[in-house]
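One structure below.
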Amino acid sequence: MNKFVSNISRFFILILLQVFVFNYVQWFGFLNPVVYLLFLILLPLEIPKSVQYILAFVTGFIVDAFLKTYGIQAFACVLMVFLRPYIILILNGLKPLGTGIKPVPGVKDFAWILVYTLLLVFVQQITVTILETFRWADWWRIIWTSVANTLFTTFIILCVEYIFYAGKGR
Amino acid sequence: MNSLRELIKRYFHILVFLSLLIIAFVIVYHHNNYQHFVLSSTMQKITGPVQNFTNQFYKHFHYSKENAELIKQNIALLKEKESMFISSGDSSHTVFSGEGKKKRRMYDVSSAQVVFNTINKTYNYIIIDKGKKDGVMPDMAVLSPNGVAGVVSDVSNNFSTVISLLNPNFRVSAKIVPINQIGAVVWLDYDPTIAQVIDIPQHLMVSIGDSVVTSGYSDVFPKDLLIGTVIEKYDNPNNTFLTIKIRLATDFRNLHNVYLISNLYKPELDSLKSKFKNE
């Protein structure tokens, strides 16, 4: 129950933050952090997969509604959440997933969290950029924009994680 | 049955995943103009050639209908030609009345299909599928889409015979355009593409390529309808007239659809003529 409340409050806080603060960060015309992904990154793996997908869709769509890019963030979030178990599987050295795995600082070390966050954010960002640009001729721009955004977003997400969650997960 | 249920249970999340992806993509497609445009133009690239192909194929089924429409359109255009009206020459009258140029229709146009056509005989004729029932009268002019074709000679209830231009009995008053000299076109060479213009004096400068059109001095043909173009001319030592050969505008080997032109003042003109003869 406690976990449920903390996830719900995280959902609202992160979406409000994204909508009111981070959507207005548009540095150099392309740098736009998507911090609300933290909610999906920290989503407990025990939740049924289909529910996870629906949550991802809803989250993405709410942000879409504010960015007026209907469907793009939702698409990328669903894809990201779909790939999340497989990324964890690879990061854990292809060992079958136990029940107790939590992608939370404290449980996992910094390097693991960093790579995990980087991969997930990159998947989401490249999908968003491809859907936004929608031209293969711009592939070079797609790549560097999504890499830059991934790095920036990951930096902010890790800051937030280590400020608020370090020590709690243990 | 049980295994099926298990299968569905196992892959249910994949179904949810795929359907959410598709929903998201449909939303992208419908609510973002740019993506919509790119996707639909890409699809157009794929479907375009297919549609083009089917169009090419189905086009053949619409020809007869389209042809009928085109004939209708051509009749409407022919009717609006300047030569189809009696032009009122007295400009003073029109200027002071202030009504613009007054035009009275002299010729009416209708269409017919060729049902029989000869080109290789000495006296060639055409049969068309319109007769008395459709208002065809003797001495109506017959035009092909390209030029003069003949004159109606006999009319039955449903069909009419037309004296083709390829007939020594056919003679039409003609004008060579740049010099405006009046002559007559007759068919003498037994070649369905060539006719002669006679009665052109030798001193006139006729050049190859000049157009020969109807003069409008008969009450059958309106003026300025193309008959042919000059391809050959030579002086005749025994004669004071030039021999001019023209290539006919009408392709008689390929005659399917003709236009009938009726003179609306024909009875009036006939009665005048008959009085003249009686005196």
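Please treat every number below as a calculation from the coordinates, not as lab data. On a predicted model such as this, the values are computed, not experimentally measured, just so you know. Positions of Cβ are generated from backbone atoms using ideal geometry, with glycine treated the same way; all protein chains shown enter the neighbour counts.
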Per residue of region A:17-22, what does 6.51 cos²θ - 1.76 cosθ + 1.60 with θ = phi - 60° give for ³J(HN,Hα)? Whole Hz please, x for Gly and Pro, Karplus curve as stated. 4, 4, 5, 9, 10, 6
Could you identify which residue out of B:N55, B:N32, B:N124 has the top mean-square fluctuation in a GNM of chain B using Cα springs shorter than 10 Å? B:N32
Tell me what chain B gives for mean residue ellipticity at 222 nm when only DSSP H runs of n ≥ 4 count, each as -39,500 (n - 2.57), the sum divided by the residue total, rounded to 500 deg cm²/dmol. -11500 deg cm²/dmol
Quick check on my link table: of A:K68/A:K102; B:K81/B:K121; B:K65/B:K175; B:K72/B:K175, which ones sit more than 31 Å apart, alpha carbon to alpha carbon? A:K68/A:K102; B:K81/B:K121; B:K65/B:K175
Please report the relative contact order for chain B, taking Cα pairs under 8 Å with a sequence separation of at least 6, and give it as a percent rounded to a whole number. 15 percent
Under a 10 Å cutoff between Cα atoms, tell me which one of A:T145, A:T133, A:T153 has the largest fluctuation in the Gaussian network model of chain A. A:T133
Longest principal axis of chain B (C-alpha) makes with the long axis of helix B:33-59 (C-alpha) an angle, in degrees to the nearest 10, of 50 degrees
Dividing the mean separation of Cα pairs under 8 Å (6+ apart) by the residue count of chain A yields a relative contact order in percent of 24 percent
Taking amide H atoms as placed 1.01 Å from N in the peptide plane, list the residues 5 or more away in sequence, or in a different chain, whose amide H sits under 5 Å from that of B:V172. B:V185
Using the Cα centre of chain A as the reference point, and only Cβ charges (+1 on K/R, -1 on D/E), how large is the resulting charge dipole? Debye, rounded to the nearest 20. 340 debye
Pick from B:T47, B:T118, B:T193 the residue whose mean-square fluctuation is largest in a GNM of chain B, springs joining Cα atoms under 10 Å. B:T47
Counted charge near A:T129, where neighbours are those whose Cβ lies closer than 10 Å (Asp, Glu -1; Lys, Arg +1): -1
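Could you tell me the relative contact order of region B:151-279? Use alpha-carbon pairs under 8 Å, at least six residues apart, and round to a whole percent.
Details: 232 pairs, mean separation 23.0, N = 129.
It comes to 18 percent, rounded to a whole number.
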Roughly what angle does helix B:2-31 make with the longest principal axis of chain B, taking Cα atoms, 0 to 90 degrees, to the nearest 10? 50 degrees
For chain A, the longest principal axis of the Cα atoms and the Cα long axis of helix A:139-164 enclose an angle in degrees, to the nearest 10, of 40 degrees
Under a 5 Å amide H to amide H cut-off, with H placed in plane at 1.01 Å, what residues pair with B:L225 once short-range neighbours are removed? B:T214
